[in-house]
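Since the structure comes first, as structure tokens, the remarks are kept for the end.
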Amino acid sequence: MMEYQFFEDKQFIDSKKIPDFVIDKLDSVGGLDVVNHGRKISFCGVIIFDDCTYCFAPARSASEKIESIGNLIKVIHSYKNSIDSSLLAFDEDEKGKVIEEISLTDIFEIIDLYFSVGILKFKTHSYSEKGRTNWSKTVNREFPVFTIDNVPIYFDLHKYPVSVYQDDLISSIHSEILLDIFNKFHWLDDRFKFVSKDQLTEKVLFNDWDIDQKISLLNQRLHSTFVSIEVRTLQLLIRYLEKIHEIGSNNVVIGIRKFHYVWEFLLKNIFHDVDLKINSLLPIPQYQFSDPLKPIQNSSQKGMRLDVFIKSKNSCWVIDSKYYTATGAHDAPGWSDLVKQFFYVKAVRLIYPELEMVKNIFIFPGITNPLSNIQMVYREESKDEDKLEKLTEDFIPIECLYLDPNDVMEKYLKSKKVYITDYI
């Protein structure tokens with residue numbers, strides 16, 4: 001029986017709660033950040049060792065439900081499928097790259113094929129007295145005995161072959177792999193609730209074949225069948241065994257080191273009225289040379305890029321997805337993040353001067369709302385109302401919104417969109 005232990009991204013490592021071999025694995029995949037007071041988790045996903053799954057949930061999600069693991073991994077997989085190389089060009093350290101020691105695409109396809117056609121069974125042809133007589137073959141190959149009335153009688157009748165399904169080693173290997181997927185990843189598919197482990201176990205033949213021998217047998221069968229669905233299933237089973245052989249049967253890591261990319265991806269997809277063309281309208285820097293012969297250079301890559309821009313009628317919401325714990329000034333966005341947000345608003349006002357309301361927003365993960373807004377003030381407290389009002393006009397305060405990551409992931413997976421006005 002699989003056990004589960006739950007942790008959160010951005011938490012300090014507690015060596016009393018997390019075994020050393022899991023810490024070592026986190027370290028090997030770049031899932032730890034070294035800070036002044038120790039080491040922090042920088043990973044969302046799962047690490048499966050033997051009969052325990054170590055789950056690393058998004059920051060401030062406070063979830064210890066097995067279903068939430070499935071949602072997290074499915075969301076990470078959707079993010080992986082949606083990104084292209086141009087987006088990852090901004091991720092120089094590749095921390096936004098999804099780690100899949102076993103291909104989730106292959107696992108999903110193995111599961112789907114199982115629920116569509118079941119365990120692989122190969123037909124063998126045998127002849128039976130109960131089979132239908134093949135008269136054409138009988139007449140062409142046998143000599144009849146004729147009666148007085150010249151009616152031919154055939155004593156050796158040729159029969160059509162009767163197809164008999166036989167459970168063999170291939171079925172056993174397929175069942176074994178399904179059992180492994182069931183034990184490790186049953187939370188990936190709700191249909192597993194209706195699967196009997198006992199029925200799968202009954203199909204597994206006890207043998208001492210190692211993984212290489214099983215792969216060899218599957219390859220032999222692959223080269224002897226021309227049925228497309230059998231070919232595809234065998235290819236997937238071979239790949240799965242090869243991966244298991246490579247990483248070790250009881251050692252699987254699936255996740256992402258920098259969940260910020262997934263957080264941005266989710267927020268772009270759950271809101272109504274998201275305006276996707278805004279980034280093509282935002283200004284970009286132009287580099288002019290002292291040498292008049294050198295051509296001017298524009299840089300789109302170094303230009304403004306808004307995470308989420310929502311525009312509805314005469315209002316808009318300039319949103320930056322911030323994957324910070326944001327419980328106070330010490331772990332909230334700093335000046336570089338703030339100044340970018342202030343300038344996004346300035347740029348939007350220039351592009352859409354007709355808008356009556358422009359809201360400035362940070363969206364953090366969390367089930368509580370520690371911060372309400374972030375605004376600029378003077379170092380020395382001022383009571384000059386006009387002066388403060390002018391400061392607020394130039395630097396529109398940033399409202400802080402916190403959304404539960406589990407709720408956001410569930411909405412995304414159910415294709416359920418919400419309005420920003422439901423929260424602001």
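Just so you know, all these numbers are worked out from the coordinates, no wet-lab data involved. Quick caveat, the model's predicted, so the values are computed rather than measured. Every residue, glycine as well, gets a Cβ built from its backbone with ideal geometry; the counts of neighbours run over all protein chains shown.
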Practice problem: May I ask you to derive the relative contact order of region 266-361, considering only C-alpha pairs under 8 Å and at least 6 residues apart, and to give it as an integer percent? | Solution: 26
Quiz item: Counting DSSP beta bridges with both partners in region 306-395, what percentage is antiparallel, nearest 5?
Solution: 40
Quiz item: Pairs K268/K322; K10/K417; K121/K184; K322/K359; K137/K159; K311/K417: which are spaced more than 18 Å apart, C-alpha to C-alpha?
Solution: K10/K417; K121/K184
Quiz item: Separation of region 256-293 and region 6-47 by C-alpha centroid, Å?
Solution: 30
Quiz item: Which residue, chosen from P295, I181, A332, occupies the Cα position most advanced towards the positive end of the dipole of the chain, where the dipole is computed from +1 (Lys, Arg) and -1 (Asp, Glu) charges on Cβ about the Cα centre?
Solution: P295
Quiz item: Among the trypsin sites (Lys or Arg not before Pro) within region 1-90, which fall in a DSSP loop and have no more than 16 other Cβ atoms within 10 Å of their own Cβ?
Solution: K16, K17, K65
Exercise. Take every DSSP beta bridge with both residues inside the chain and express the antiparallel ones as a percent of the total, to the nearest 5.
Key: 65
Practice problem: May I ask which residue of Y261, S280, Y240 lies farthest towards the positive end of the charge dipole of the chain, with charges of +1 (Lys, Arg) and -1 (Asp, Glu) on Cβ and the Cα centre as origin? | Solution: S280
Quiz item: Which whole-number percentage describes the relative contact order of the chain, with Cα contacts under 8 Å and a sequence gap of 6 or more?
Solution: 17
Practice problem: DSSP loop (so not H, G, I, E, B), at most 12 other Cβ within 10 Å: list which trypsin sites (Lys or Arg not before Pro) in region 275-384 pass both filters. | Solution: K277, K302, K313, R379, K383
Quiz item: Restricting attention to region 346-390, which GluC sites (Glu not before Pro) occupy a DSSP loop and are surrounded by at most 13 other Cβ atoms within 10 Å?
Solution: E354, E356, E380, E381
Self-check item: Rounded to the nearest 20 debye, dipole of the chain from Cβ charges on Lys, Arg, Asp, Glu
Solution: 980
Exercise. Label region 315-424 by shape, choosing from rounded, prolate and oblate, from the square roots a ≥ b ≥ c of the eigenvalues of the Cα gyration tensor; if a/c is under 1.5 it is rounded, and otherwise prolate applies when a/b is larger than b/c, oblate when it is not.
Key: oblate
Quiz item: the chain: longest stretch without exposed chymotrypsin sites (Phe, Trp or Tyr not before Pro) (DSSP loop, at most 16 other Cβ within 10 Å), sites themselves excluded?
Solution: 1-89
Quiz prompt | Option label - Cα Rg over 2.2 N^0.38 Å computed here, alternatives (i) 1.43; (ii) 0.98; (iii) 1.20 | solution = (i)
Quiz prompt | Computed [θ] at 222 nm, helices only, for the chain once each DSSP H run of length n ≥ 4 contributes -39500 (n - 2.57) | solution = -11500 deg cm²/dmol
